[in-house]
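Heads up: the structure comes next, in structure tokens.
The values are calculated or read from the model by the stated rules, or taken from the named source; none is laboratory data. Because the structure is predicted, anything quoted here is derived from the model rather than measured. Reconstructed Cβ throughout: ideal geometry from the backbone, glycine too, with neighbour counts over all protein chains shown.
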Amino acid sequence: MTLVLLLVLPFVASAIAAALPANARNLEAWGAGVVALACLGLLASAYPQVQGGGVIEHRIPWLPRLGADLVLRLDGLGWLLGLLVTGIGLLVVLYARYYMSPQDPVPRFFAFLLAFMGSMLGIALSGNLIQLVLFWELTSLTSFLLIGYWHRRADARRGARMALTVTAAGGLCLLAGVLLIGGIVGSYDLDRVLASGELVRGSPHYLAALVLVAVGALTKSAQFPFHFWLPHAMAAPTPVSAYLHSATMVKAGVFLLMRLWPVLSGTPEWSWIIGGAGVATMLVGSFAAIFQRDLKGLLAYSTISHLGLITVLLGIGTPLGLVAGVFHMMNHATFKASLFMAAGAVDHETGTRDMQQLTGLGRVMPITATLAIVASAAMAGVPLLNGFLSKEMFFAETALVGGDEHWYLSYAALMMGTFSVAYSLRFISVFFGPPAPDLPRTPHEPPRLMRFPIEFLVLLCLIVGIFPGWSVNEVLVNSVQAVLGAATPQFNLSLWHGVNLPLVMSVVALVGGIALYVLLRLRFSLKERERTPVLHRFAGAQLFESLLLRLFSVSRWTLRQVSTERTQPQLLLVMAFFAVLPLLAAGVPSLAQVRESVSGDPLIAALWLIGSACAVAAAWTAKFHRLAALILVGGTGLVTSMTFLWLSAPDLALTQLMVETVTMVLILLGLRWLPPRREPLRGTAPARVVARRARDLLVAAAGGSVLALVTFTLLMLEPPPRIGEYFLRHALTGGGGSNAVNVLLVDFRGFDTLGEICVLSIVALTVYALLRRFRPAPDSLPLAQQLPGSPDPAARQSPRRQVSEGWLVVPAVYLRLLLPFMGLVAAYFFMRGHNLPGGGFVAGLVFSVGLIVQYLLGGTEWVESRLRIRPHGWTAAGLLLAVTTGAGSWAFGYPFLTSHTAHLELPLIGELHVPSAFFFDLGVFLAVVGTTLLMLVALAHQSIRAKPAHAHAQDAQARPPGREAH
């Protein structure tokens, strides 16, 4: 349960944080900090079990026959990533408490941050590739929310959209690559995939899988040519930047390459794709970082370059390259988080991050300056700091594999080291020189607790740099063993290895970086340079924006060509498509086959004739009377219900009948606000109108006939396997009910039903959101006074008179009593549904009809105040109950939504049959009632508010003198 708590706790805390009041600033920060600390404690308690290559696994059944279970798996590598996510997350929460302004919506910030933390922990703990992709895309979504936190700023919206587009597109490529790998291995289970490296590399689909996985990893870790999105993510608050750049978002890509290293590495294709992208990234990022004016922009490009360094180490493909990559991932997280927090402290105290204005800050912020200088030295690879050790290992590996054939690799590594020293000097230059004049704020040291995370991380840089074997050697060995197993190489983390080539390269990089910085500062005036030389001509962000504009232009052109404001041309294209394509795919049965397969019944033939007549009459009547057309359409629905009844499908007949009733009322509410029909233009020949209508009739008849013919061909001439016999045979024994239809919905295909009520809820919320601008005034009138056919506006002043003298003939008090009767009928259908026709869906529709009558009588205000029905709450309760019922089977070790049956002996009642599907069906009932009423409320509110222009004019005339309109 440790892994389950570790994964679930941040998401639960995120939901709680979102519900906290905005003024509970300390409570929200303390809550987020406690959650991060608890997750860190859970990881610490699991460390003894992952030592020496150990693995902790918790498997939750989902689809066991397909091998798609929910698997939580923790090994040394996942433990390391989880340590970075939770440890630095805890420091970021403390830092954010003092960084965020009191005017910021802090609950939303901590809710997004905790959800982001949970998503990253999901990647670290995923033991199934499909599950990993799910959390992968969830990190893209939560990072989008964090980057766009200050959504009123255009740069925040642009950066968030760019990050989401690039990383989510890479996630789709990753999904395709994962599907290929799973197809090759025959399973998506991570243990089986990691043990099938030779099988994957020997497959003809290896290259395609490698490219797709590489695109997913490179986009997430901002590698060339997808690096452009990361600098634009600097629009996020600095705590987000510190978290995203050090331990979370960008680390997910290199973590994926490490995770799949045993499966995909060891081939020339791996080295060229991964190593080549890494070399280009570290050179482009380090060179661009030198010329940035924004402190966070410089750190963003330095992040790109260091991620490129890790990618090069992984692309080299040697075991020691993997060791160096994992080690630098740890070191980069510590010094980069501290640097971002130091930059945020400078911005927080001075009001600017522009390096052209900042100078001499070391005099007024000496402690912050000291911390930033030490962290920058770690980033530059200065001895006695952690960055020096991993960068020396980087130089050693590039020199080892460089040789005569790959000589460029050593020179590229040396150039990157030189550039990193130069931009590190550029960063600390703001703390030297004369005091800066005209700063937006008078600078001073940040609060003590705001500075503590920087101090702690800088202390780690010193401890690891001076005592590497004592501090991180064991953690590094465990992480590498999780990837390499018995092939883990021997390595020595020590400060001094003698005078060798890596040491010489380190010294050359340090000296060359200092010389480069001095030269650029004196000759090219770095302080005033606004563009990166050469690279500004190849702006990836500009290319991205141009591509989006082109796509928008193409979509608008396509929309103009195939779309119109009128539905008739669109329906013409759809029916024409139906008339041609299915006919080509299915073929045409012979007349003899049709005669042999059809058995006639005069009664059902007459019934279908009535339904067809109603359909044709509705199409003809709609041109001059929409209400009559709607009634005729209802006639076709009744015929459909009777057809289901004739076919011995009473459940479908009941459902269709209730759906027709509810749909009629909903359409009736929206019918009044449809635009008027367009009359033919003057001078249009009647013959053209007749020809157009004849064309539409022929196309509609042809499309419907072809669909009917295709359906007949598939179902009658080539009958599929009769799976219905299986459900009839196992409904009682397997599902605990004799009504096979209801058992099918809540047991055998319960997951489909859960998806359907989710879709239904989304549709209802969408309708409500689109129409919420038409919310009624507090003195809204009953719906009965707004329906087509209601009297003139003067009668609206007396609701009682309207009900008694209007179109409602039955006294309202009798219709009020209809609600408990309909509730009793709904309860009857609900309770008997598992063994007889009925169920939660039908019961929900029956009860909705009873509530609709109350809306027609008293309006939304009466029902919401007297009956206290909140559709949002009903919908949420239904979905929550259905999901909880399905997840409850996990507690007994069964897959999601596995049904159980209990037989209880009650006094005076006797044996009571209680299946767990009862609660799932209750969730369906609540969701159906909630979504139906939610759409009804939305349409009713629109009907009340959106009066025609002449009605507004009449209301104005009837308004007493001196009374202004609201």
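Conditions tested, residue by residue: (1) of a type outside the set (A, V, I, L, M); (2) surrounded by fewer than 17 Cβ atoms within 10 Å (Cβ to Cβ).
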| site | (1), (2) |
| --- | --- |
| ALA17 | no, no |
| GLU28 | yes, no |
| LEU40 | no, no |
| VAL50 | no, no |
| ARG59 | yes, yes |
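Restricting THR303, THR350, THR318 to residues that are farther than 20 Å from PHE432 by Cβ, of a type in the set (Ser, Thr, Tyr) and surrounded by fewer than 24 Cβ atoms within 10 Å (Cβ to Cβ) narrows the list to THR318. Scanning region 443-479 for residues that are free of Cβ contacts under 8 Å to residues at least 40 places away in the same chain and within 16 Å of HIS348 (Cβ to Cβ) turns up just one, ARG448.
Residues considered: LEU409, LEU484. Of these, the only one that is at pLDDT below 90 and either surrounded by 14 or more Cβ atoms within 10 Å (Cβ to Cβ) or of a type in the set (Phe, Trp, Tyr) (or both) is LEU409. GLY127 - would you say it is surrounded by 21 or more Cβ atoms within 10 Å (Cβ to Cβ), in contact (Cβ under 8 Å) with a residue 12 or more places away in the chain and more than 21 Å from LEU6 (Cβ to Cβ)? No.
Rundown of residues vs (1) assigned to a strand (DSSP E or B); (2) farther than 17 Å from LEU6 by Cα, yes/no style:
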{"residue": "ARG59", "(1), (2)": "yes, no"}
{"residue": "LEU70", "(1), (2)": "yes, no"}
{"residue": "TRP79", "(1), (2)": "no, no"}
{"residue": "VAL85", "(1), (2)": "no, no"}
{"residue": "LEU91", "(1), (2)": "no, yes"}
{"residue": "GLN103", "(1), (2)": "no, yes"}
{"residue": "ALA111", "(1), (2)": "no, no"}
{"residue": "MET117", "(1), (2)": "no, no"}
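Every residue in region 185-200 that is in contact with a helix residue (DSSP H, G or I) (Cβ under 9 Å, 6 or more places away or on another chain) and surrounded by fewer than 20 Cβ atoms within 10 Å (Cβ to Cβ), please. Walk me through it before giving the result.
Kept after step one, since they are in contact with a helix residue (DSSP H, G or I) (Cβ under 9 Å, 6 or more places away or on another chain), are these residues of region 185-200: 185-190, 192-197, 199-200.
Result: GLY186, SER187, ARG192, LEU194, ALA195, SER196, GLY197, LEU199.
Yes or no, residue by residue, for (1) assigned to a loop (DSSP other than H, G, I, E, B); (2) farther than 18 Å from ALA242 by Cα; (3) in contact with a helix residue (DSSP H, G or I) (Cβ under 7 Å, 6 or more places away or on another chain):
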{"position": "ALA345", "(1), (2), (3)": "no, no, yes"}
{"position": "LEU358", "(1), (2), (3)": "yes, yes, yes"}
{"position": "ILE367", "(1), (2), (3)": "no, yes, yes"}
{"position": "VAL374", "(1), (2), (3)": "no, no, yes"}
{"position": "LEU384", "(1), (2), (3)": "yes, yes, yes"}
{"position": "GLY387", "(1), (2), (3)": "no, no, yes"}
{"position": "MET393", "(1), (2), (3)": "no, yes, yes"}
{"position": "LEU400", "(1), (2), (3)": "no, yes, no"}
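Taking only region 237-270 into account, find how many residues are of a type outside the set (A, V, I, L, M), closer than 19 Å to ILE181 by Cα, in a helix (DSSP H, G or I) and in contact (Cβ under 8 Å) with a residue 40 or more places away in the chain. Selection size over region 237-270: 7. Within region 298-317, one or more residues are more than 21 Å from LEU462 (Cβ to Cβ) and in contact with a strand residue (DSSP E or B) (Cβ under 9 Å, 6 or more places away or on another chain).
Each row is one residue, and each column tells you yes or no for (1) modelled with pLDDT of 85 or more; (2) on the phi < 0 side of the Ramachandran plot; (3) hydrophobic (A, V, I, L, M, F, W, C).
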| site | (1), (2), (3) |
| --- | --- |
| LEU815 | no, yes, yes |
| PHE821 | yes, yes, yes |
| VAL825 | yes, yes, yes |
| TYR828 | yes, yes, no |
| MET831 | yes, yes, yes |
| HIS834 | no, yes, no |
| PRO837 | yes, yes, no |
| PHE841 | yes, yes, yes |
| GLN854 | no, yes, no |
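Taking SER143, is it farther than 19 Å from ALA208 by Cα and of a type in the set (Gly, Ala, Ser)? Yes.
To keep it simple, each residue is scored yes or no on (1) within 18 Å of GLY923 (Cα to Cα); (2) modelled with pLDDT of 85 or more; (3) surrounded by 23 or more Cβ atoms within 10 Å (Cβ to Cβ).
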{"site": "GLY850", "(1), (2), (3)": "no, yes, no"}
{"site": "GLU861", "(1), (2), (3)": "no, no, no"}
{"site": "GLU864", "(1), (2), (3)": "no, no, no"}
{"site": "HIS872", "(1), (2), (3)": "yes, yes, no"}
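One residue is enough: does region 667-678 have a residue meeting the conditions modelled with pLDDT of 80 or more, not assigned by TED's automatic domain parsing to the domain that holds LEU771 and not hydroxyl-bearing (Ser, Thr, Tyr)? Checking region 667-678: at least one residue is modelled with pLDDT of 80 or more, not assigned by TED's automatic domain parsing to the domain that holds LEU771 and not hydroxyl-bearing (Ser, Thr, Tyr). Within this structure, THR398 fails the test of being of a type in the set (S, T, N, Q) and surrounded by fewer than 22 Cβ atoms within 10 Å (Cβ to Cβ). Scanning region 142-189 for residues that are of a type in the set (S, T, N, Q) and either in contact with a strand residue (DSSP E or B) (Cβ under 7 Å, 6 or more places away or on another chain) or in a helix (DSSP H, G or I) (or both) gives THR142, SER143, THR165, THR167. Scanning for something part of a helix (DSSP H, G or I), touching a Leu at 6+ places or on another chain (Cβ under 8 Å) and within 16 Å of PHE920 (Cβ to Cβ), does region 723-730 turn up at least one residue? Within region 723-730, none of the residues are part of a helix (DSSP H, G or I), touching a Leu at 6+ places or on another chain (Cβ under 8 Å) and within 16 Å of PHE920 (Cβ to Cβ).
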